[in-house]
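Colleague: Pasting in a structure now, in structure tokens, and then I'll have a few things to ask.
Where a number appears in this text, it was derived from the coordinates with a stated rule and is not lab data. The structure displayed is predicted, hence computed values, not measured ones. Methodologically, a virtual Cβ is constructed for each residue, glycine included, from the backbone with ideal geometry; neighbour enumeration extends over all protein chains shown.
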Amino acid sequence: MTLPELAPSIELALFRADATRADLEKHCALARELGLHGVCVSSSRVALARHLLEDSDVKVGCTIDFPLGGADADVKRYETEVALDHGAHEIEFVANHGWLREGNTEALRRELRDIVEAADGLPVKVLVEATLLPTETLVAAARLAVEAEAKFLTLSYLFGTRTASPEVIAALRQATGPEFGLKVSATAPTVADAARLIAAGANRLGLATIPRA
């Protein structure tokens, strides 16, 4: 695959704590120039990103309760509503990993359904930190996301030293079927690295930098 072929699958993420308006301006200009699917920002930057990407096809995604996901479900719902008020096109929220580890499916099911309802028809992505959870727990999260009518499961590789595994992606694809969205947020330094994740079954990539040729 080439970068132009990959571009419609890429969401360019900007979550640095010290990121400035100038950083976001560069970020959005690059997404517009390359024809990326979208940018992914925190809720405080949604309105500015929408302004910067006005009259383009680039989507503005907002990641809720990033990176830990431990906030009360009502807090996540409120942040979702704020993001929508500011113009977000897509919502991504971090699932409660403690509930995932202890198998508290009822609490997770309520949280997922609450966020999907708050998103009011916009696509919802459920983010799980793949470095913290075994494959069987990731599969359980994916099935809950499907049940709650979310559109994507996002595998994040923020913590630890594990890297995105084609085997894990393939297992999730098998569990969710061909139509459900799988996003991988990881490091993909080259176009070949990114293409391997797509070939394994991902159909969206969350990247902090554009892969080099």
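Colleague: Quick one: what pairs do we get from segment 44-58, first residue farther than 15 Å from LEU30 by Cβ, second surrounded by 21 or more Cβ atoms within 10 Å (Cβ to Cβ), C-beta under 8 Å, 6+ apart or different chains?
Modeller: VAL46/VAL60; VAL46/CYS62; VAL46/ALA83; VAL46/ALA88; ARG50/VAL60; ARG50/ALA88
Colleague: Oh, and also: Got at least one residue in segment 22-32 being in contact with a Ser or Thr (Cβ under 7 Å, 6 or more places away or on another chain), without any contact (Cβ under 8 Å) to a residue 60 or more places away in the chain and under 24 Å from ALA107 (Cα atoms)?
Modeller: Of all residues in segment 22-32, those in contact with a Ser or Thr (Cβ under 7 Å, 6 or more places away or on another chain) come to 32.
Still in the list and also without any contact (Cβ under 8 Å) to a residue 60 or more places away in the chain: 32.
Still in the list and also under 24 Å from ALA107 (Cα atoms): none.
No, every residue in segment 22-32 fails to be in contact with a Ser or Thr (Cβ under 7 Å, 6 or more places away or on another chain), without any contact (Cβ under 8 Å) to a residue 60 or more places away in the chain and under 24 Å from ALA107 (Cα atoms).
Colleague: So, one more: Do we have LEU205 as touching a Ser or Thr at 6+ places or on another chain (Cβ under 9 Å), part of a helix (DSSP H, G or I) and of a type outside the set (D, E, K, R) here? First the steps, then the outcome.
Modeller: Numbers: touching a Ser or Thr at 6+ places or on another chain (Cβ under 9 Å): yes; part of a helix (DSSP H, G or I): no; of a type outside the set (D, E, K, R): yes.
It is false that LEU205 is touching a Ser or Thr at 6+ places or on another chain (Cβ under 9 Å), part of a helix (DSSP H, G or I) and of a type outside the set (D, E, K, R).
Colleague: Listed residues ALA83, ALA29; which is surrounded by fewer than 22 Cβ atoms within 10 Å (Cβ to Cβ) and not in a loop (DSSP other than H, G, I, E, B)? Step through it out loud before you land on a result.
Modeller: On the way: ALA83 fails: surrounded by fewer than 22 Cβ atoms within 10 Å (Cβ to Cβ).
Result of the check over ALA83, ALA29: ALA29.
Colleague: Still on this structure, please answer the following. With the requirement that a residue be of a type in the set (S, T, N, Q) and surrounded by fewer than 22 Cβ atoms within 10 Å (Cβ to Cβ), what does segment 146-161 give you?
Modeller: The initial filter retains those residues of segment 146-161 that are of a type in the set (S, T, N, Q), namely 154, 156, 161.
The one that is of a type in the set (S, T, N, Q) and surrounded by fewer than 22 Cβ atoms within 10 Å (Cβ to Cβ): THR161.
Colleague: Separate question: If a residue must be of a type in the set (S, T, N, Q) and assigned to a helix (DSSP H, G or I), how many such residues does segment 60-80 contain? Quick ask: steps written out before the conclusion?
Modeller: At the first step, the residues of segment 60-80 found to be of a type in the set (S, T, N, Q) are 63, 80.
Still in the list and also assigned to a helix (DSSP H, G or I): 80.
Residues in segment 60-80 being of a type in the set (S, T, N, Q) and assigned to a helix (DSSP H, G or I): 1 in total.
Colleague: Filter segment 169-184 down to the residues that are touching a strand residue (DSSP E or B) at 6+ places or on another chain (Cβ under 7 Å), closer than 15 Å to ALA140 by Cα and hydrophobic (A, V, I, L, M, F, W, C) and list them by number.
Modeller: Within segment 169-184, ILE169, LEU172, LEU182 qualify.
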